[in-house]
Amino acid sequence: MERPKQLIGVIDEPGPARDALAETIARDGLAVVAVADSEALPPEVALAVAHVRAVPAADWPALCESLPTLVVSDSRDAPDLLSAVDAGLVDYIVEPRRHGQLLRRMIRKAIRLHDLEEARRRDKLRLEELNETLETHLAMLRLDQQAGGQIQRKLLPPRPQSLGGVTCDYWFAPYLYLSGDFLDFHLLDERYLLFYFADVSGHGASSAFVTVLLKYLANRWQTEWDGAHPEALPARWLADLNKELLETGIGKHAILFVGIIDLERRYLHYSLGAQLPMPLLVVDGKVTSLAGEGMPVGLFPGADYPTLGCSLPERFHLWLCSDGVLECLPGDTLDSRLMELERQVQASATLADLKGQIGLDLAPGDETLPDDLTIMMLSGFGHADS
């Protein structure tokens, strides 16, 4: 389809000189309309070629604002030419009929530059609108995330608590507003204390949704438990959660530790799925990693999880940390950071001690947080009031 001709308005006093100028411009296929003053130009004009003798000095600024304009003059010394330049019209040509080819090129160049400027202006306005919309959406998302973070914190247990002679405490700091870390502890009955510690892959809303699912399933499974075989409960929970996560198809997995403390026997039944760092048991100043290993929860169909256990002495501290804590420790390798964590745990009698030694006296949402950070400590039985 042939493009329509662009209309050029020639502003000059009527007569042979104006007709000759219009004819010179029209030689390259440009459409031309000749008028005596700028107010007579039709609205579809793309550019004005204005002779200095036809435009009063006071009219140049308005013409410059309304249209891209090229100024022509028969003499470089014409006083009206200076008035046009003072108004901001710096594109001019002297003796335009003698330089017809240059005139036509300047016209096309001026139109092209004007079109580019208009496109840039439209893009700028569009970007400003998009940025305003984006800022609005980000503010709404931020409010949603903050509300979600408050709800997630409401799902956490009160702290600290003393349950059956075992003191349970924790520190919970999301990377932003929502966390992929989660934990819980409470009495199943007078004899058994349940606790679990989860670190879902990633952080943010999608990981936090998995922790809500974990809380719901844990509550449901507790009501379904008949009180028999507590040693088998942690491994069964991990297997059931593994199936549930795979069936959701959300692409999330978790490392998880589930423990049940038999308060009468002072014995810990537990199972774990790819826990890192491993839970650390401190007895008489000696640090020991709990034994066992298991597959991540939510990655492999039909995964089996170990049934494990160990005796608990009269006085002990059991520490569980999310892997984000390792990023706060010195060391170039994973092994060196794990060793540093053991050293810090050994020197800590309280949760506040460990936070202070690692340098975790940070507020949730602090920009210096490298990841979701969570620490849980259980102490008993002689440490119940520590």
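The numbers here are math on the coordinates, done by the rules we state, and not lab data. Keep in mind the model is a prediction, meaning the values are calculated, not measured. Neighbour counts are summed over all protein chains in view; Cβ atoms, including those assigned to glycine, are modelled from backbone coordinates with ideal geometry.
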Query raised in the report: Which of these, 263, 82, 351, has the largest mean-square fluctuation under a Gaussian network model of the chain (Cα springs below 10 Å)?
Result: 82
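Quote the charge dipole size of the chain about the Cα centre in Debye, to the nearest 20; the model charges only the Cβ of Lys and Arg (+1) and of Asp and Glu (-1). Working shown, then result.
Working: 35 positive and 57 negative charges, 125 e Å.
It comes to approximately 600 debye.
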Query raised in the report: Where Rh denotes the Kirkwood radius from the mean inverse Cα pair distance, what is Rg over Rh for region 1-66?
Result: 0.98
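Counting only DSSP beta bridges with both residues in the chain, what percent are antiparallel, rounded to the nearest 5?
Rounded to the nearest five, the antiparallel share is 75 percent.
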Report task. Could you state the angle between the C-alpha long axis of helix 16-26 and the longest principal axis of the C-alpha atoms of the chain, as a value from 0 to 90 degrees rounded to the nearest 10? Result -> 40 degrees
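Classify region 82-153 as rounded, prolate or oblate, taking a ≥ b ≥ c as the square roots of the eigenvalues of its Cα gyration tensor: rounded when a/c is under 1.5, otherwise prolate if a/b is larger than b/c and oblate if not. Before the final figure, lay out the partial values.
Numbers: a/c = 10.66, a/b = 4.36, b/c = 2.44.
It comes out prolate by the Cα gyration axes.
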Report task. Sort out for me the Cα centre separation of region 305-350 from region 75-111, rounded to whole Å. Result -> 81 Å
Requested in this report: Please give the helix 205-224 orientation as an angle from the longest Cα principal axis of the chain, in degrees from 0 to 90, rounded to the nearest 10.
Outcome: 30 degrees
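Please work out how much length the chain gains when fully extended from residue 206 to residue 131, using 0.36 nm per residue of separation minus the C-alpha to C-alpha distance, in nm with one decimal. Working shown, then result.
Numbers: separation 75, 0.36 × 75 = 27.00 nm, distance 2.53 nm.
Gain on extension, residue 206 to residue 131, equals 24.5 nm.
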Query raised in the report: Across 10 Å bins from the origin, how do the percents of Cα pairs in region 129-191 run, short distances first?
Result: 18, 35, 23, 14, 7, 3, 0
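To the nearest 20 debye, what charge dipole does region 1-159 have about its Cα centre, counting +1 at the Cβ of each Lys and Arg and -1 at the Cβ of each Asp and Glu? Walk me through the numbers before you get to the answer.
Working: 22 positive and 26 negative charges, 238 e Å.
My answer is approximately 1140 debye.
Order the peptides 112-125, 202-215 from the highest to the lowest mean number of other Cβ atoms within 10 Å of their residues.
On the way: 112-125: 10.9, 202-215: 19.7.
Ranked from most to least packed, the peptides come out as 202-215, 112-125.
Packing-wise, with mean Cβ within 10 Å as the measure, how do 149-155, 323-329, 49-55 rank, highest first?
Numbers: 149-155: 13.7, 323-329: 19.7, 49-55: 22.1.
Peptide ranking by packing, descending: 49-55, 323-329, 149-155.
Rounded to the nearest whole Å³, what is the per residue volume of the convex hull around the Cα atoms of region 202-252? Mind showing how you got there, number by number?
Working: hull volume 3.8 nm³, N = 51.
Spelled out: Cα convex hull of region 202-252, divided by residues, is 75 Å³.
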Requested in this report: At a Cα cut-off below 19 Å, give the lysines reachable from residue 109, other chains included and same-chain residues fewer than 8 away excluded.
Outcome: 5
**Report entry** Proximal aspartates and glutamates relative to residue 252, as straight alpha-carbon distance under 19 Å, when same-chain residues fewer than 8 apart are discounted
**Finding:** 181, 199, 240, 244, 304, 323, 371, 372
**Report entry** Packing rank of 238-247, 293-302, where each peptide gets the mean count of other beta carbons within 10 Å, highest leading
**Finding:** 238-247, 293-302
Requested in this report: Assign one of three labels to region 203-288, namely rounded, prolate or oblate, based on the Cα gyration tensor with a ≥ b ≥ c the square roots of its eigenvalues; rounded applies when a/c is under 1.5, prolate when it is not and a/b is larger than b/c, and oblate otherwise.
Outcome: oblate
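Using only the Cα atoms of region 198-347, build the gyration tensor, take square roots of its eigenvalues as a ≥ b ≥ c, and label the shape rounded, prolate or oblate: rounded if a/c is under 1.5, else prolate if a/b is larger than b/c, else oblate. List each step's numbers first, then the result.
Values: a/c = 2.14, a/b = 1.16, b/c = 1.84.
Note, shape of region 198-347 comes out oblate.
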Query raised in the report: Just going by the charge dipole of the chain, with Lys and Arg at +1 and Asp and Glu at -1 on Cβ, which of 21, 57, 249 is farthest out on the positive end?
Result: 21
Query raised in the report: Hey, which lysines would be in cross-link range of residue 154, C-alpha to C-alpha under 16 Å, not counting anything within fewer than 8 residues on its own chain?
Result: 215
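For the chain, take the alpha-carbon Rg, divide it by the Kirkwood Rh, and send me Rg/Rh.
Details: Rg = 39.0 Å, Rh = 26.9 Å.
Using only Cα positions, Rg/Rh for the chain is 1.45.
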Query raised in the report: When the chain is fully extended, how far beyond the present Cα-Cα distance does residue 243 get from residue 36, taking 0.36 nm per residue of separation?
Result: 66.0 nm
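Can you tell me the equivalent ellipsoid semi-axes for region 102-243? Use √(5λ) from the Cα gyration tensor, largest first, whole Å.
Values: eigenvalues 711, 49, 22 Å².
Semi-axes from the Cα gyration tensor: 60, 16, 10 Å.
What does the helix-only formula give at 222 nm for the chain: each DSSP H stretch with n ≥ 4 adding -39500 (n - 2.57), the total divided by the residues, and the result rounded to the nearest 500 deg cm²/dmol?
On the way: 8 runs with 139 residues, N = 386.
So the helix-based figure for the chain works out to -12000 deg cm²/dmol.
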